[in-house]
Each structure stands twice: as structure tokens, then as C-alpha cells.
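Shown next, in C-alpha cells, is the structure this report addresses.
The values are calculated or read from the model by the stated rules, or taken from the named source; none is laboratory data. In this text the structure is predicted, and so the values were computed from the model without any measurement. Every residue, glycine among them, receives a Cβ derived from its backbone with ideal geometry; neighbour counts consider all protein chains shown.
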Amino acid sequence: MDFERLERVMRKLALEAGDKIMEIYNSPDFEVKSKSDNSPVTEADEAADALISAGLRAEFPDVALVTEEQAASHGQAVSTFLIVDPLDGTKEFVQRRGDFTVNIAYVENGVPLRGIVYAPAKGRLFYTTADSRSVEEQGADFHKDAAGEQKPISVSVPDNRGLMVVASKSHRDQATDDYIGQYAVSDMTSAGSSLKFCLVATGEADLYPRLGRTMEWDTAAGDAVLRGAGGEVVRFDDHTTFTYGKPGFENPFFIAYAPGVLLVK
């Protein structure tokens, strides 16, 4: 893989998809439909997916593509692939809460090596560079063809006497609260979509446990950004390394964290 080209293409497509999403987000009304699993989908999901998929297929025709909105792509058995969630946090989008993201990642041999997470309503753009560092791009406006100032990001060195924990805004449950209750927590915050990975990557949070169903397109880009910032993602059950290319692209429960956190067994 040409990682310089990949960085440039993923960044441009994410920004273009973000523009398309915000056009619909800022419109007076938009249609919300239900998929077969009863999860919501909007015209923004579909428009962003069409744009990103066409761009990736044109630039990387020989790399397998998996995307949330194209069910036909979910039956592939691959370990190296591009994976897309064109609008993660559709519930946040529908409720106009702003915590939604565009996610594109490249997985090689089961490892998310590169990823981009763009939160267009919040003006935050996180990605892994060609040399595998994670950055948050600075600036009020992001130019499609030229990156602005790239601020390196890194996980915190947590104080285990009091951790900052981030949890899901839409999927919080008692099991998650019970797990968090086993730690000394100084404060908690909630966020939607893959932004939770990015908050750990920037050191704004130390720990993000997810005891609920997710798919690989929900996590791959944020996972890549977190790994590039020195963080880790492990399975919840046995703390082994989190991998990609699983059957059906379905994830087990997981924990994303700064390595200084002493995980509860």
C-alpha cells in the first residue's frame, strides 16, 4: 500500500463526505428509514457512502472494500481491506446532537494500520499519517487538497487514583456502569460514535469500555487513530488483541484505553 497516497485520498474523501452530510444535516428536514436490524439510516448515510465508495474503488481497485451501507460487501472473507462507516452515530445525526463521524480505515492482515475520523459538525479531524503517527488537524476550515497544521496526539499517562472515562451517549447500560464502577474514576464524559476512541487518543479520556454490539466499520478507523497515538484496544473477555476481518465483521465487547490504565480482570 502507498500510505502517502492513502492518507491523501482518505482525507479528501472524508472531507467531501462531511460536506455532503452537513448539507443534509442543516436542511429543514430529511427522511429517516429503518434497516433490517431496525437501526436508522438517512439520505446522508447513503450519499456519503456512495461518494466514499466510488472514490476508494477508483483509487484502490485491487483492495477489498467493506462498507456498512452495502450489505453485499459483508459476506467477504478478507484480512486486508478498506472499511467504511460513512456516518457513524446516525442516532446523534437524527437528533441533531453533532456527535457523528465519517470513518474510513485500512486493515492489513487483521490490523487497522491507518484510519481517519472526521466529525464535521464539531470541526474535528483525526487521522493517521503516512508514517503511522496520529494527528488532529488544526484550523477552522479544512482544505480538500492540502492538509493544515497537524498536531500530534498521544494518549495520557493516567493516574489510577482517578481516571477519566468516556462511555457511549446512546448505548449506555447497567453492565457498562457496573464495569466502570470497579475503577477509581475522577470524572466521566459521554460521546457518540467513534469520537470516544479519539478522546482516548488525545488524552481527553483514559478508558472507553464497550459492552455492546458493534461492527468492524464502527471501530476500525477510531482504533487505528488510537493505536497511532499509543493506545490499545483489547477484547473485553480475555484482554487479547482486537483483530479485524472476523466472520460477518462483527465485534466482541472491547476495552479501548491508555496503556497506563491497570485493567480489571
I'm told Lys91 meets every condition in (1) in contact (Cβ under 8 Å) with a residue 40 or more places away in the chain; (2) buried (at least 16 other Cβ atoms within 10 Å of the Cβ); (3) closer than 22 Å to Phe242 by Cα; (4) not polar (S, T, N, Q) except one. Can you identify the failing condition by its number? (3)
Positions within the range 43-68 being surrounded by fewer than 20 Cβ atoms within 10 Å (Cβ to Cβ) and either touching a Gly at 6+ places or on another chain (Cβ under 7 Å) or modelled with pLDDT under 95 (or both), in sequence order: Glu43, Glu46, Ala47
Which residue out of Asp85, Asp45 is in contact (Cβ under 8 Å) with a residue 24 or more places away in the chain, within 16 Å of Pro120 (Cβ to Cβ) and part of a helix (DSSP H, G or I)? Asp45
Return the only residue of Gly139, Gly192 being closer than 29 Å to Lys91 by Cα, assigned by TED's automatic domain parsing to the domain that holds Leu15 and modelled with pLDDT under 95. Gly139
Answer from Ser73, Ser34 - the residue that is surrounded by fewer than 21 Cβ atoms within 10 Å (Cβ to Cβ), among the hydroxyl-bearing types (Ser, Thr, Tyr), at pLDDT 90 or above and more than 26 Å from Asp145 (Cα to Cα): Ser73
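Residues that are loosely packed, with under 15 Cβ neighbours inside 10 Å: which strands (runs of 3 or more DSSP E) entirely in the range 147-265 hold 2 or more of them?
On the way: elements: 150-152, 163-168, 185-191, 207-210, 232-235, 254-257.
By residue number, 150-152, 185-191.
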